[in-house]
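To start, the structure itself, in structure tokens.
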Number of protein chains: 2
Amino acid sequence: MTLDIPLLIDSSSHRTLTGQICDQLLAMIRHGRLRGGDVLPASRDLCLQLGVSRNTVVAAYADLNAQGYLEAFGRGGTRIALATGTRREQVHGLPPVPCLHGGNIKPPAISEAARIARRVRHTLFDPMRNRLPLDFRVGLPDSRLFPREPWAKCIRDRLSASALGMTDYVDPAGVPELRSAISHLVRTHRGVACTSEQVIVTSGVQQGLDLVCRLLLDPGVSVLMENPTYGSAREAIRSHGATLAYCRIASDGIDTDALPASGARMIYVTPSHQFPMGNTMSLARRLALLEWARNTGTYIVEDDYDSDFRYRGAPLSALASLDNDELVIYLGTFSKTLGAGLRLGYMIVPPALLPAARALKDLADHGRSWLEQVALADFINLGHYESHVRKAKTAYRARCKLLVDGLSSLVPGSEITGADGGMHLTWILPLRLATADRLRERLSELGVVVYTLRHGPAAYEDPSNDLIDRVLLLGYPCLSEAKISSALKLIETALSDCEGNENPRVDEP
Amino acid sequence: MTLDIPLLIDSSSHRTLTGQICDQLLAMIRHGRLRGGDVLPASRDLCLQLGVSRNTVVAAYADLNAQGYLEAFGRGGTRIALATGTRREQVHGLPPVPCLHGGNIKPPAISEAARIARRVRHTLFDPMRNRLPLDFRVGLPDSRLFPREPWAKCIRDRLSASALGMTDYVDPAGVPELRSAISHLVRTHRGVACTSEQVIVTSGVQQGLDLVCRLLLDPGVSVLMENPTYGSAREAIRSHGATLAYCRIASDGIDTDALPASGARMIYVTPSHQFPMGNTMSLARRLALLEWARNTGTYIVEDDYDSDFRYRGAPLSALASLDNDELVIYLGTFSKTLGAGLRLGYMIVPPALLPAARALKDLADHGRSWLEQVALADFINLGHYESHVRKAKTAYRARCKLLVDGLSSLVPGSEITGADGGMHLTWILPLRLATADRLRERLSELGVVVYTLRHGPAAYEDPSNDLIDRVLLLGYPCLSEAKISSALKLIETALSDCEGNENPRVDEP
């Protein structure tokens, strides 16, 4: 590729024009902006571009050629000499890069949010993904079930229509057809009556959560979370400067009797399938939570991340469906049903918060890209979405059952929660057994990846509690039934290895 | 569509099971969650789902049927009675929706950012777009030039490969192939030597700017901007709680002599094509700005929004190419060359800021969706991008020249800036003429949309200065040469109308 050479001629300078060109080209070579083999423009082009005579450019090229920085090649071409190398250190005979002002400077201040963020270790992107064949990754759908053909058709159909969607700004809250399709989905499947105006399309639940934080939090305000909870949510809330407080969970959801009498700006909950423990919040707890929120003036953020998959019992209504006080902000996603790489989620915002939420989304990124939004609207409206979810649910239900049955028979006295729906289950080991992390290590040596409260997407606040040593998280949608069976055999091996090699902890002293 | 009915059975309740089903269905009808014509599940399905006897469900349906809320239809189906209507108000005979806790509540507190954001009026999305045939929209490419075929091919090729990109999380900083292609582009076209690690793919310049704010700003810190400047940037910075200060611009860029001696955390500049005035920052100003930043410990945010189109003179090196102190954060975008609906931009981050920037992007949205990222990487690597930019540049140069020539001949003494490159020019009317806003109004009546400092994407701080009455902003890429010629005739008409109907302002008292 011929380079655009970004040269500036300073007509007020005392340096000659040829000298200015030489200086700047040399500086670019020194800084690695021009590298061995880069082709320079022909002198007749460069002189027109710079508005100088051709002789000026020819003289500059000749000068640098004589010094060994340029060389001729091909039929009259000029390029950076290959001998200068492609890295600064390889430029022989060049002085070290001069720092414009000499010496190092102390870097200027950064924000408190940046200081918090750079310590964050939770990320859902795993650069080593699929390195081990049997990975019980939590919360990912099976890529082999991705509805490739109907999805590709929806994309292709929109690609061949007007290019205006690609070239113009979109509504920052999302394209109207998708917002309408989403409001219909949440009404029919989650019992949430909302207008399409209340729907804001986001880049996954994560952006919805970030927008909620921007909408509600100021540095120092207090936010309540379940304990244990979702690591990425905790880090996002913390990066907005909030002070976190935790509330324990019972088998029927967050312990509403233990909520503080006042002081919190918002509470983050996962009522359908508590993350990571998998419990479902009971109706009584839901009503109590709503009443508490009303009495204390607290917004509730409902993260409904994987409720599309329900294997047993009635479909669950969302907490938002019971909210008459406009206190619940609902977060949903297509990451679990279709795929996390689509980055398509949504939030449902009470009307009073809508103008601010919409403006914050606009300021954050001017809205999401157009193509996949309209393709998803078509995909839903044509019925492909419901039929895909039905198909995936059947497959995941079978995988879940296989895993539950296998684990139950492996360790009598172990407990399994969260298997009524969702995309992972929680396996609670009895105390007498090896710790969850020891089992995790041994399994990793055998090619099986499982997750614990210390290592995985969950966050847990009370390491003195023995729960942290007993909980294993296993996501099953990504693994075929055959792989789950293989993994179960290896789990059996690992268990007996651990039992043989460790001083087992005992239940009673 | 048959509904999932999200019902909860509370086995500890004193209410009968049939009564519980009735209560919940009625509540859903009252709240509009069930609407006339919605089809209920068959009683044999619902009883399995709820784990109750079939008689319980049949009794509940019969009860509601007798009350007129349900009706039979087709062959044994049950649906919500059409007479209940689809809106709450249409449900005759129903009492008003009971508020769970009676009466209204005072809404809880929202954030300072939300209070600022809901006052924002700047948005680039125009729901009335294309309502007038001759709209000189600023900063939008021509949708008819969109490289539809090669772009569609790049998308299709990736769609037919593995679905893993769609289902798994992407690198929050962007897919490696795109970051590598971008680092090559900025090196060859903008003189910026960076590694692909330093590139973070963003949702347009707007998200880059938002991430910069999160990276650098705390509430109350001071930020410098050019005056006039870009409205969306100003609102984004303001929403992060920063205090804004403004610096005047000269014909060769920001007036570096007028910069304060200390106190700013960052400065936002547009060196290639000042927004909105269009001036190019001279080399002397650039070096002075860098020296000032170093001496005062200030980060520079370089918004290089439309430098890909350069019609006259040498390609401009970016300010970032002169930065030896890691103080410049560079923001680039594909919104101008390809389209704003793609929401694809990037930031180039000094190494010291990289861990925090990457983490903040992860917390903000877990990265951008996969498909268009990899398609763009292919599009660049196959040479389509450069050939498209070359083609668009030729077309835009001709449109720009036509507009410059036309405007120059219409009003002797008017001044045009910013026509050496970019996607809009600035037309400065002489004082004796009608104000820019008066001309804008008259043109709007004639079907021509132009923009001023009061109405459009720019923001201006000093309304006492007469510049605000004299500046018109005209974007030309969206208009064909024929349309520009038509618009010029209408501009001539509007000018003579304004001259005839107004008390003209005079140059001297």
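Solvent-accessible area of region B:134-269 (1.4 angstrom probe, protein heavy atoms only): carbon and sulfur portion equals 50 percent.
Take B:ARG312, move 7 Å from Cα toward the beta carbon, and the resulting point lies 7.7 nm from the same point in each other copy, nearest first.
Distant-in-sequence amide contacts of A:LEU453, defined by a placed amide H-H separation under 5 Å and a gap of 5 or more residues or a different chain, comprise A:VAL471. Rounded to the nearest 10 degrees, the angle from helix B:370-381 to the longest Cα principal axis of chain B is 30 degrees.
Across A:HIS14, B:HIS455, the residue with the most accessible area heads the list, and the full order at a 1.4 Å probe is A:HIS14, B:HIS455.
Excluding ligands, DNA and RNA, what is the solvent-accessible area per residue of the protein assembly as shown at a probe of 1.4 Å, expressed in Å²?
Values: 38260 Å² over 1018 residues.
Result: 38 Å² of accessible area for each residue.
The mean number of partner chain beta-carbon atoms within 10 angstrom of a residue's beta-carbon across peptide A:350-362 is 5.
Per residue of peptide B:156-166, the mean number of Cβ atoms on other chains within 10 Å of the residue Cβ is 5. The A:ARG156 and B:SER11 beta-carbon pair, evaluated with R₀ = 60 Å, returns a calculated FRET efficiency of approximately 0.75. Peptides B:46-55, A:218-227 ranked from most to least packed, by the mean per-residue count of other Cβ atoms within 10 Å: A:218-227, B:46-55. Distances between placed amide hydrogens fall under 5 Å for A:THR202 paired with A:GLY345, A:TYR346, A:MET347, all partners being 5 or more residues away or on another chain. Here the Karplus curve 6.51 cos²θ - 1.76 cosθ + 1.60, taken at θ = phi - 60°, turns the phi angles of region A:291-306 into couplings of 5, 4, 4, 5, 5, 9, x, 10, 7, 10, 9, 9, 8, 9, 5, 9 Hz, with x standing for Gly and Pro. Give the lysines reachable from A:LYS361 as a straight Cα distance under 16 Å; neighbours fewer than 8 places away on the same chain don't count. In chain and number order, the partners are B:LYS361.
Once backbone amide H atoms are built at 1.01 Å from N, B:LEU134 has B:VAL449 as its partners under 5 Å, excluding neighbours fewer than 5 places away on the same chain. Sequence-ordered 3J(HN,Hα) estimates for region B:352-369 from the Karplus curve with 6.51, -1.76 and 1.60 and θ = phi - 60° stand at 5, 8, 4, x, 5, 4, 4, 5, 5, 5, 4, 5, 5, 7, 6, x, 8, 4 Hz, glycine and proline given as x.
Might you report the magnitude of the Cβ-based charge dipole of chain A about its Cα centre, with Lys and Arg at +1 and Asp and Glu at -1, to the nearest 20 debye? Can you show the working numbers first?
Details: 56 positive and 56 negative charges, 280 e Å.
I would put it at about 1340 debye.
With the charge dipole of region A:292-354 set up from +1 on Lys and Arg Cβ and -1 on Asp and Glu Cβ about the Cα centre, the Cα lying farthest toward the positive end among the listed residues A:SER335, A:VAL301, A:ILE348 is that of A:SER335.
Calculate how steeply helix B:148-159 sits against the longest principal axis of the alpha-carbon atoms of chain B, using the helix alpha-carbon long axis, and give the answer as 0 to 90 degrees to the nearest 10. Long axis of B:148-159 versus the principal axis of chain B: about 50 degrees. Can you tell me the relative contact order of chain B? Whole percent, Cα pairs under 8 Å, sequence separation 6 or more. Across chain B, relative contact order equals 17 percent.
Considering only beta bridges that DSSP places wholly inside chain B, some 55 percent are antiparallel. Take the accessible area of B alone and of A alone, subtract that of the pair with a 1.4 Å probe, and the total buried over both chains is about 11100 Å².
With +1 assigned to the C-beta of every Lys and Arg and -1 to the C-beta of every Asp and Glu, and no other charges, what is the dipole magnitude of region A:109-202 about the Cα centre in debye, to the nearest 20? Don't skip to the end; give the middle numbers.
Numbers: 15 positive and 10 negative charges, 104 e Å.
Here region A:109-202 has a charge dipole of around 500 debye.
Looking only at the protein assembly as shown, where both bridge partners belong to it, what percent of the DSSP beta bridges are antiparallel (to the nearest 5)?
55
Label-point distances for B:ALA352 to the equivalent site in the other copies, using a point 7 angstrom along Cα→C-beta, read 4.5 nm when ranked shortest first. Comparing each chain alone with all protein chains together (probe 1.4 Å, DNA, RNA and ligands left out), the residues of region B:31-77 losing at least 10 Å² of accessible area are B:HIS31, B:ARG33, B:ARG35, B:ASP38, B:GLN49.
3J(HN,Hα) couplings calculated from phi for region A:185-193 with the Karplus curve 6.51 cos²θ - 1.76 cosθ + 1.60 (θ = phi - 60°) are, in sequence order, 4, 6, 5, 7, 9, 10, x, 9, 8 Hz; Gly and Pro show x.
Here the label points at B:THR394 and A:LYS391, each 7 Å from Cα along the C-beta direction, are separated by 4.6 nm in the simple model.
A 1.4 Å probe over all protein chains sorts B:SER409, A:SER43 by accessible area into B:SER409, A:SER43, starting with the largest. The calculated 222 nm mean residue ellipticity attributable to helices in the protein assembly as shown amounts to -12000 deg cm²/dmol, summing -39500 (n - 2.57) over DSSP H runs of n ≥ 4 and dividing by all residues. Kindly give the distances from A:ARG390 to its copy-mates, label point to label point, with each label point 7 Å from Cα along Cα→Cβ, as nm values to one decimal ordered shortest first. Here the equivalent label points are 5.3 nm apart from this one.
With a Förster radius of 51 Å, plug the Cβ-Cβ distance of B:ARG432 and A:ASP405 into 1/(1 + (r/R0)^6) and report the FRET value to the nearest 0.05. The formula returns an efficiency of 0.05 here.
Taking every residue in B:371-378 and counting other chain Cβ atoms within 10 Å of its Cβ, the average works out to 2.
The residue list A:PRO41, A:TYR246, B:ALA27 was ranked by how far each Cα lies along the charge dipole of the protein assembly as shown toward its positive end, using unit charges on Cβ atoms, and A:PRO41 comes out on top. Between B:LEU495, A:GLY231, B:VAL175, the Cα set farthest toward the positive side of the dipole of the protein assembly as shown (charges on each charged residue's Cβ, about the Cα centre) is that of B:VAL175. A Cβ-based charge dipole, computed about the Cα centre of the protein assembly as shown with Lys and Arg at +1 and Asp and Glu at -1, lands at about 1620 debye.
Just check region B:461-503 against the gyration tensor rule for me: Cα atoms, a ≥ b ≥ c as the square roots of the eigenvalues, rounded for a/c under 1.5, and otherwise prolate or oblate depending on whether a/b exceeds b/c. Write down the numbers at each step before the final one.
Numbers: a/c = 5.91, a/b = 1.35, b/c = 4.39.
Oblate is the answer for region B:461-503, as a/c is 1.5 or above yet b/c matches or exceeds a/b.
Take A:200-207, B:247-254 and order them by the average number of nearby Cβ atoms within 10 Å per residue, most first; the result is A:200-207, B:247-254.
Measuring r between the beta carbons of B:ALA250 and A:THR296 and using R0 = 51 Å, the FRET efficiency lands at 0.35.
Using a probe of 1.4 Å, the accessible surface attributed to A:THR84 totals some 10 Å² when neighbouring protein chains are kept in position.
Length gained on full extension, A:ASN324 to A:LEU490, computed as 0.36 nm times the residue gap minus the Cα-Cα distance: 54.7 nm. Could you tell me which of rounded, prolate or oblate describes region A:218-352, using a ≥ b ≥ c as the square roots of the eigenvalues of the alpha-carbon gyration tensor, with rounded for a/c under 1.5 and, failing that, prolate when a/b is larger than b/c and oblate otherwise? Verdict is rounded for region A:218-352.
The values are calculated or read from the model by the stated rules, or taken from the named source; none is laboratory data. Since we're looking at a predicted model, the values are computed, not measured. Note that we place each Cβ from the backbone using ideal geometry, even for glycine, and neighbour counts take in every protein chain shown. What goes into the accessible areas is simple: the full protein's heavy atoms, side chains included, and nothing from ligands, DNA or RNA. Shrake-Rupley method; radii C 1.70, N 1.55, O 1.52, S 1.80 Å.
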